[in-house]
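Q: This is the structure, below, for whatever I ask next.
The values are calculated or read from the model by the stated rules, or taken from the named source; none is laboratory data. Worth saying up front: this structure is predicted, and the values here are computed from it rather than measured. Backbone-built Cβ (ideal geometry, glycine too); neighbour counts: all protein chains shown. Each accessible area value is taken on the protein alone, full model and side chains, heavy atoms only, with ligands, DNA and RNA left out. Shrake-Rupley method; radii C 1.70, N 1.55, O 1.52, S 1.80 Å.
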Amino acid sequence: MDIANPGAMMERTFTWTDGLAWDGQCLRLDGVPQILLGASVFYFRLAREDWASRLAMVKAAGYNTIDVYFPWNFHEIAEGEWDFTGRKDAAYFLDLAQAVGLKVIARPGPYICSEWEGGGLPAWLIGRGSALRQNDPVYLEYVRRWFDRILPILASRQAPNGPVVLVQIENELDFFPCHDVPGYLEELYRMARERGITVPITACIGQGNMEAATGNLDRLWPTVNLYPPDNAPGLEEEVEAIAEKLRQRGLPLIITETGRSHFLLRRLLAGGAKGICAFLQVGGNNFGLYEAVNDWREPGAFLATASDFGGMIDSGGRVRPEYYHGRVFGLALGAMRDLLAASLPAPPGTVVSWNDRVGSPTKDGGYTVRVLRAPEGTIFVMPANLREVEESTRLNIGDLTVPRRARLVLPPYTMPIFPFHLDLRSRGVTLKLVYALSELVYMDRLGDTLVVVAHGPEGTAGELLLRGRVDLLYADEGISVRREGDEISLRYPHDRERFCHLETDSGRILFVLTSSRRAGRLWPLRDRDGRAWLLFGADYVNGDAGQYELKPGCEPLFLLGPGRPEEAVLCLRLGDLNWARLSVELGDVWQELELAPLSCEIGLVPGQSIPPPARLLPLGPPPLR
């Protein structure tokens, strides 16, 4: 993809703008390095009553961002007749996004595509003597009237006090024969600034032609829409090349649209993308007569009422299995967000696989293990298996060969993120994680203990190596522990939760080792006093401030707490007509509780201190009554 000519690629660095800063290496929101993980959620395809629940589901999936179009013809229903009420209340939708903690990439057009009637352009524009999507004064006068309505809504809700962090003008203009791209986009840009937009303004590239999509305007932030198949050869190389060209301008790569597979999203991350937005990750419906034909060059290519491309949440609000792959990916990005966000791709050959079929496929027909390197020395190794069968291997990283025991097993279409040389002093523990052949999805404190949750595919084994002065306090059955000098290694199966408790000079660390299935059903909670808890096994959890509603599913429930509170601090309620049993560990207190259906609420109050069992056993349903 040739995204720019050399003259347009001037080096520059962007500084703080309303809580948002960036350079070619990373994006920072409120001073914290971030990777934007986004899902498109389109309010115009959902009932107003469903907005809050869909946004909460996206946030619960580990996503931190949504992208949203604003269709002009949805709001100007006849010339001069505007409607921003009820299910067209765009301001309220943005307020809900902020309330659940989501950032917003706002895309007001004027043309949006989105497989929507007229791409959002009102049908009555035809016959008004205007040239659509051109630097035409008649057309731009109508656009001004639209921007007069929509842009103040966005401007009053932009960072730092609101959720809007980027505003996109137009959409994939390189698919359209615009005769004066720089002049047209310059006018849209000027209108946006005049109407109070202070956050960065972007333009997205649809088919690789930056000049036709952005006019090579230096003031526009180019973003990329990219729809490769999951197994595309050379994908990471292509993404890395785009990211490097943007980095020369002091810009991180934001992929504003891509497919919905989280395996694909992992490959984009491995190529150096710092923002990844999965298009139509949340399904919806085209109410009324707003459905459109597509431009995919197929006869009779009409789109039906349902606008559902198989994302993680369907048009009825039900989650698909992909939702839990998303939760694992989102939790992994959250656990190591500062390091991953600042990482850049390492040169090919940094890691060598013993199995030449393990790695990302390259353009020349080979395979290479992708690696991201953080500035402080941590590296993230991402071995991929794009085959339909399981593969196993060992890896060479410098003079280190892993795993030390047995082999690393990769099921089909997996691409884990393995940390190497991770210094835990930044987390308050004087240890170095030399490597972990399990992906980390949680790394934070529960009470006085640093808790690290690591997972891998069920039926495989994990291994990790720690270096430093450490004493073993407890290791669950099934965990093999070896000590050699100042190093301690663990090998374990990825299945139910298993625990290894260690003590260092600077405090305790608890490793919770589990399967990917269980990690997808890990829910960090906060009690009413702000303390962290971890709940494993629920299909879905909704709520905050110590009040949570659970959808248990068929997994055993386990709750890990911060210690022994003096009173009830966490209230759990079932949101389905069934019973569930819950195992609870609060420091040295172990309880088993029975949760009643729907109307029953219980507060968790530890009883007398009893030792935890030597092993966790899956809990079956309670007896019939």
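Q: Rounded to a whole number, what is D in µm²/s for the range 147-245 from Stokes-Einstein with the Kirkwood radius over alpha-carbon pairs (4 °C, 1.567 mPa s)?
A: Working: Rh = 14.7 Å.
Estimated via Stokes-Einstein, D reaches 88 µm²/s.
Q: On to the next question. In whole angstrom, note down how far apart the Cα centers of the range 144-211 and the range 343-418 are.
A: 40
Q: Please determine, in degrees from 0 to 90 and to the nearest 10, the orientation of helix 235-247 with respect to the longest principal axis defined by the Cα atoms of the chain, where the helix direction is its Cα long axis.
A: Helix 235-247 and the main axis of the chain meet at about 70 degrees.
Q: Probe radius 1.4 Å, ligands and nucleic acids ignored: give me the carbon and sulfur share of the accessible area of the chain as a rounded percent.
A: Values: 12060 of 24010 Å².
Carbon and sulfur together cover 50 percent of it.
Q: For the chain, what is the accessible area per residue in Å² when the probe is 1.4 Å?
A: Values: 24010 Å² over 625 residues.
On a per-residue basis, the chain sits at 38 Å².
Q: Could you tell me the relative contact order of the chain? Use alpha-carbon pairs under 8 Å, at least six residues apart, and round to a whole percent.
A: Values: 1513 pairs, mean separation 56.2, N = 625.
Across the chain, relative contact order equals 9 percent.
Q: Output the peptides 163-175, 486-498 sorted from most to least packed, where packing is the average of other Cβ atoms within 10 Å over each peptide's residues. Could you put the intermediate results ahead of the total?
A: On the way: 163-175: 22.9, 486-498: 19.5.
My ranking of the peptides, most packed first, is 163-175, 486-498.
Q: Which of the peptides 140-152, 107-119 is most tightly packed, and how do the rest follow, going by the mean number of other Cβ atoms within 10 Å of each residue? Before the final figure, lay out the partial values.
A: Working: 140-152: 18.3, 107-119: 23.0.
The peptides rank, most packed first, as 107-119, 140-152.
Q: Ok, one more. Report the full-extension gain for the segment Phe175 to Leu472: residue separation times 0.36 nm, less the Cα-Cα distance, to one decimal in nm. Intermediate results must be reported in sequence, preceding the final value.
A: Values: separation 297, 0.36 × 297 = 106.92 nm, distance 6.12 nm.
My answer for the length gained is 100.8 nm.
Q: Using the per-residue mean of other Cβ atoms lying within 10 Å as a proxy for protection, in what order, highest first, do the peptides 208-216, 467-475, 187-195 fall?
A: Numbers: 208-216: 21.2, 467-475: 14.9, 187-195: 16.9.
With the highest mean Cβ count within 10 Å placed first, the list reads 208-216, 187-195, 467-475.
Q: What do you get for the angle between helix 137-155 and the principal long axis of the chain? Use alpha-carbon atoms, 0 to 90 degrees, nearest ten.
A: With rounding to tens, the tilt is 30 degrees.
Q: Let me ask you something else. To the nearest 10 degrees, how steep is helix 322-335 against the longest Cα principal axis of the chain, on a 0 to 90 scale?
A: 80
Q: At 0.36 nm per residue, minus the direct Cα-Cα distance, what do Ala78 and Asp148 gain on full extension? Give it in nm, one decimal, please.
A: Details: separation 70, 0.36 × 70 = 25.20 nm, distance 1.62 nm.
Between Ala78 and Asp148, full extension yields an extra 23.6 nm.
Q: Before anything else, pin down the relative contact order of the range 376-445: Cα pairs under 8 Å, at least 6 apart, normalised by residue count, whole percent.
A: On the way: 115 pairs, mean separation 22.5, N = 70.
In percent, rounded to a whole number, it is 32.
Q: Rounded to the nearest 5, what % of the DSSP beta bridges within the chain are antiparallel ones? Show your work: numbers first, answer last.
A: Working: 97 of 143 bridges.
Just about 70 percent of them are antiparallel.
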